[in-house]
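Taking it in order: structure first as structure tokens, then the write-up.
The values are calculated or read from the model by the stated rules, or taken from the named source; none is laboratory data. Everything numeric here is computed off the predicted structure, so don't read it as measured data. Backbone-built Cβ (ideal geometry, glycine too); neighbour counts: all protein chains shown. To get the accessible areas, we keep the full protein, side chains included, count just its heavy atoms, and leave off ligands, DNA and RNA. Shrake-Rupley method; radii C 1.70, N 1.55, O 1.52, S 1.80 Å.
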Amino acid sequence: PPVLRQLCVALARLAVQLFDVWPDGVERLLQQLGGGGVGNLSPLLEVLQALAEEPFSRRLLVDGSLRSRFLLALRDMVPAILSAIGAAAAATGGGCGGGGGAGASVAALRCGAAWLKAQAGFEEWLPMVGFGSAGLGGSHPALAASVSLFVPLGAASARLELGSEAFEAAASLLEAALPLVASDLAAGGAGATVAPLLAAFMETCARLPEGSGGAGAQASLEQHADVADVVGVLLSVLHAAFSSTAALACDSLRPKLLAAGSRLLLLSGVRGGLEVDCEGGLLGRCFDAWEAPIAAFRPDESCDGPGPMGLPTGPPGAAAGAVEERRWAAR
């Protein structure tokens, strides 16, 4: 509810402003709100989401040294906070028919996404500290601390088992997690979080109907979600994955990503039965998504060898030219 959200934002700002006299404020909030049970997860998740956003906001006018001290203390609590979000996700049933309801699942996914995005905020506001962003397997330690949020809740949401709102929240979680993977998507924390979530989205894409997006096609999706809306979310996922070097370099996922991109290109095109708009609609977004792997696989202008992923390529700029030709043909 809006009132709860405003109260939690005010509480998060107060925790920053009163840090010198209330140094254990975040810890006490976790203790007092974390024992509310399945039916009372909203206050905890709202406060945690506000704490992931407000301390980094430039609209919060506080002394720079005070903000830095608060953020240093807050970063030490990231594992405990992600653990609390994971426990909330598990309390919702983790996508397995628990009693928390779809609303609590969506809130847990959004809160987790906010905290994964916040990891870049620590690097921005505390650059002198030199936090290492890569842990075991080349992924950020925050991913390993949030495994229970990705599986089974995130994966079930990505398969459209919990409705369209949870589907969108899972996409936001994936988009926040991918920048935290430095190299190997199949190892370490990424192998237990990002990889299965991305694979679940690819499964949903594989279930999309080919050809017209009419009533029969819509009925083929679980929860009877609108095909165009599903394609729109999948395009956001595809753009994030195609923009990630770790995702493109993953041998087990790259063929699925390319197949998903081809299917979405067909669905958003003239014969797909969906919105056809090269500039701002689904087709335009699909072209934008494809530009990232084209740039990644394009060879150096000075050589005719394979691209940076070791895949065979044509002459420099040939792939980009092909996409541009498709863009003009669709017009």
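Listed values, structure above:
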quantity	calculated
Residue match in region 159-169 (condition: of a type in the set (D, E, K, R), modelled with pLDDT under 90 and open to solvent by 10 Å² or more (accessible area, probe 1.4 Å))	no
Test result for A118, out of contact with any His (no Cβ under 8 Å at 6 or more places or on another chain), closer than 17 Å to A50 by Cβ, open to solvent by 10 Å² or more (accessible area, probe 1.4 Å) and at pLDDT 90 or above	no
In region 172-185, residue modelled with the lowest pLDDT [restricted to those that are aliphatic (A, V, I, L, M) and more than 23 Å from A87 (Cβ to Cβ)]	A182
Qualifying helices (runs of 4 or more DSSP H) (wholly inside region 225-331; at least 2 residues being modelled with pLDDT of 85 or more)	227-242, 245-249, 254-267, 282-297
Within region 48-80, considering residues that are under 20 Å from the mean Cα position of the chain (by Cα) and farther than 19 Å from L126 by Cα, the one surrounded by the most Cβ atoms within 10 Å (Cβ to Cβ)	L48
Extreme residue, modelled with the highest pLDDT, among residues of region 186-214 that are under 24 Å from L162 (Cβ atoms) and not in a helix (DSSP H, G or I)	T193
